[in-house]
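What follows is one structure encoded as structure tokens, with my remarks underneath.
The values are calculated or read from the model by the stated rules, or taken from the named source; none is laboratory data. These figures come from a predicted structure and were not determined experimentally. All accessible areas refer to the heavy atoms of the entire protein, side chains included, with ligands and DNA or RNA removed. Shrake-Rupley method; radii C 1.70, N 1.55, O 1.52, S 1.80 Å.
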Amino acid sequence: AVPRTRILATGGTSHNKKILQVLSDVFNAPVFTIDTANSACLGSAYRAIHGLVAERNVSLADVVKSAPEPRLAVTPTPGAEEV
């Protein structure tokens, strides 16, 4: 089974619930946030770490296991996908 889509919002906009709700409704997917300073840079940092350990056959999934757990911010409004 293919996992359901989810959105991870970072940066200043991730603090605006109304914008997050629009994203959730448009993509019909839950939106998660990470309560970490400079979270927009986090993906690049994990990719850099992955590059350093790539020759040891370490997967990106294994590298990001230490990432902060995202928190559910909003879910799609029922019926929004029909609009």
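Structural remarks
- Solvent-accessible area per residue, Å², over the chain with all protein chains present [probe radius 1.4 Å]: 73
- Extension gain for the segment residue 22 to residue 67, taken as residue separation times 0.36 nm less the Cα-Cα distance, is 13.6 nm to one decimal.
- Among the listed values (i) 18.5, 58; (ii) 15.2, 48; (iii) 12.3, 34, the one computed from these coordinates for Rg and Dmax of the Cα atoms in Å is (ii).
- Scalar couplings 3J(HN,Hα) for the range 66-75, obtained by applying the Karplus form with A = 6.51, B = -1.76, C = 1.60 to θ = phi - 60°, are 8, 5, x, 6, x, 10, 5, 9, 8, 10 Hz; x denotes Gly and Pro.
- Carbon/sulfur fraction of accessible area - the chain, other protein chains in place, 1.4 Å, %: 57
- Karplus-based coupling profile of the range 21-34, in residue order and whole Hz: 5, 4, 4, 4, 5, 5, 8, 6, 8, x, 10, 10, 10, 10, with θ = phi - 60° in 6.51 cos²θ - 1.76 cosθ + 1.60 and x standing for Gly or Pro.
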